[in-house]
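Everything below concerns the one structure shown next.
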Amino acid sequence: MPKKHFSLSANPARVIAGSFLGVIITGTLLLMLPLSAKNGSVTNFFDALFTATSATCVTGLVVVDTYTHWTFFGQGVILALIQVGGLSLVTLTLFFNLLIRRKLGLRTLQLAQESTSATNFEDTPRLLKGIVGITLAVETVGALLLLPAFVPRYGAEGIFISVFTSISAFCNAGFDLLGREGAYSSLIHYNGSYVLLVISALIIIGGLGFMVLFDLLHYHKNKRLRLHSRVVLISTVFLLLIGTVGFALLEWNNPATMGDLPVWQKLNASFFQSVTTRTAGFNSIDIASMNELSKVLTIGLMFIGAAPGSTGGGIKVTTIVVLIMTAVSVARGYDDTIIMKHKIKRQTVNKALTVTFIGFLAVMLATGVIIYTTHDGGATFSSVDALIESTSAFATVGLTSGISAVANLPSKLILTATMFLGRVGPVSLLLSLAAGAGKVNRKQVMPEGHLNVG
């Protein structure tokens, strides 16, 4: 038998997973340097690993406050990890190959298509260039809009804060440098500021996905949007409305969150909470102090997340739409899933089911580990708080009920693994692990089985 040779380029999913892992390891080593910590000591390996994973997977969960613990160098490392993680190392590498006019081969195009969620090879080079161009343009505009808020308050340092916050928001990362206003305070002091609206816009744009942004930019030429874009836009608006109304009703009179705010600030905070819950990780109210129903709403929105091919996480809005419309189609007697008069491929439905199931299992496993280990340590966090933390990790959101900051080693490790799974993607990670394990004979005839369900 001919000998099989291992090749990374033969399996795009493995390359993507490996690239994220490589960036995380590099970031961990850099953050462990005494140069990275303000106290001049070596940061604990597991704290550095957690932070590097959170930044690369654009999550935002932290075990130490970003401003009070890390030096300017350490903050710069985190910012670089966020930018690379948001776009993915593969996307950036392929972009620079195009920039120097290096022709992409077939296997490289396969890798690029997988990394960018392009629909075909022809769109891939154009999409690669567009992704980087849109990213730089949006992040630059965001930083310029934030300058008037931070420069008068912090002087020249406000420039770096504006750039850091803009990149973190567009990449849906949730890291901030506002710990100077109180450790882990995030945007709690900005409910009365336009800053929340700027950051909300950056989060939404980053979470729509580059394919949708391309569709919108070329709408004046085509005068139509693809089915994918229409589903993403409609579901995004619907979820934003549900979240805004839900948080306003549930937290309106809660003195520990927004009960003492003026009416317009309550509305601002409610809208921002609805936006950031969908994978961004900033917060303008105290998550741990929300009532139980608000926490359940938060968990649901986090698990759904943003759109495919975006900087956000979660199972994705299109996944939940496919599942809902499959149930609707079955109830109406259709054999296929129908969305907006389009028949959805069976493979798409199967993938949606797989992603949701694996995501659910990952969240439940992480929640169980957190509850078991923190209870052993005498912590008093509720099961809902543990579920928020694990869902936040899987959906790469970064909202926290306070567990990450005091998590013990088992909890840190399970959250780290969950963040990695959430960013790489359940299906992609499984494909990367299964590569080379043997192919199924698709022509094999199997007997039909029958199961009673429902």
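The values are calculated or read from the model by the stated rules, or taken from the named source; none is laboratory data. Since we're looking at a predicted model, the values are computed, not measured. As a convention, Cβ positions derive from the backbone with ideal geometry for all residues, glycine included, and neighbour counts pool all protein chains shown. Accessible surface is based on the protein model in full, side chains and every heavy atom, while ligands, DNA and RNA are left aside. Shrake-Rupley method; radii C 1.70, N 1.55, O 1.52, S 1.80 Å.
Rounded to 0.05, the FRET efficiency of the THR140 and LEU353 pair, given R0 = 35 Å and the Cβ-Cβ distance, is 0.30. Average 1/r across all pairs of distinct alpha carbons in the stretch 243-335, invert it, and you get the Kirkwood radius: 14.4 Å.
For the stretch 149-239, chymotrypsin sites (Phe, Trp or Tyr not before Pro) meeting the loop criterion (DSSP other than H, G, I, E, B) and having at most 15 other Cβ atoms within 10 Å: TYR194.
With 28 Å as the limit on Cα-Cα distance, the pairs of LYS38/LYS129; LYS223/LYS341; LYS316/LYS341; LYS295/LYS343 that go past it are LYS38/LYS129; LYS295/LYS343.
In this calculation the C-beta distance from PHE72 to ARG332 is compared with R0 = 60 Å, giving a FRET efficiency of 0.55. Across VAL369, VAL58, the residue with the most accessible area heads the list, and the full order at a 1.4 Å probe is VAL369, VAL58.
Full extension of the chain segment joining TRP264 with LEU413 gains 49.6 nm, where the gain is 0.36 nm per residue of separation less the Cα-Cα distance. Semi-axis lengths, largest first, of the ellipsoid equivalent to the stretch 119-243 are 31, 17, 12 Å, with √(5λ) applied to each eigenvalue of the Cα gyration tensor.
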